[in-house]
Amino acid sequence: DIIRTIRDPEKPNTLEELEVVTENCVEVQEIGEDEYLVIIRFTPTVPHCSLATLIGLCLRIKLQRCLPFRHKLEIYISEGTHSTEEDINKQINDKERVAAAMENPNLREIVEQCVTEPE
């Protein structure tokens, strides 16, 4: 429910409407007392999607802000659905790269537009 309303950076649709994320792409495992591993596997609309890293960043930021429990977050591109999936997976799961990306005012503004709940 948390990620279904994230908007696509280019289109007026949500990631759910574009089938970039579905209920089946979310996996939650208990890894300790009141601590969970949340794994998201998203599917870009095209294998060469230039915004796949940005979509991963939006997923990470929204979940970090909204999950009400302690968690470890892993976000991946669904296997075989993007031409540079390995590089993108490394980027969106690297805390330092994510922090650096969010320090960029232009990037941060785009992420905020994508993750802000519609009124």
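The values are calculated or read from the model by the stated rules, or taken from the named source; none is laboratory data. No experiment lies behind these values; they were computed from the predicted model shown. So basically every Cβ, Gly included, is an ideal-geometry build from the backbone, and we count neighbours across all protein chains shown. The area values use the complete protein model at the heavy-atom level, side chains included, leaving out ligands, DNA and RNA. Shrake-Rupley method; radii C 1.70, N 1.55, O 1.52, S 1.80 Å.
Per residue, the convex hull spanned by the Cα atoms of region 39-98 amounts to 75 cubic angstrom. With the simple spin-label model, which puts each label point 7 Å out from Cα in the Cβ direction, the Gln113 to Gln91 separation comes to 1.8 nm.
Averaging Cα coordinates gives a centre for region 1-42 and one for region 48-115; these two points are 11 Å apart. Summing +1 for each Lys or Arg and -1 for each Asp or Glu among the other residues whose beta-carbon sits under 10 angstrom from that of Ile61 gives +3.
Between beta-carbons, use under 13 Å as the cut-off and find the net charge around Tyr36, counting Lys and Arg +1, Asp and Glu -1. Let's see the in-between values first.
On the way: positive: Arg70, Lys72; negative: Glu27, Glu30, Glu33, Asp34, Glu35, Glu74.
It works out to a net charge of -4.
Highest average first, the peptides 35-43, 65-73 ordered by how many other beta carbon atoms sit within 10 Å of their residues are 35-43, 65-73. Straight-line cross-link partners of Lys95 among the lysines, defined as a Cα under 20 Å from its Cα and at least 8 positions apart when in the same chain: Lys62, Lys72.
Rolling a 1.4 Å probe across the protein heavy atoms gives the chain an accessible surface of 62 Å² per residue.
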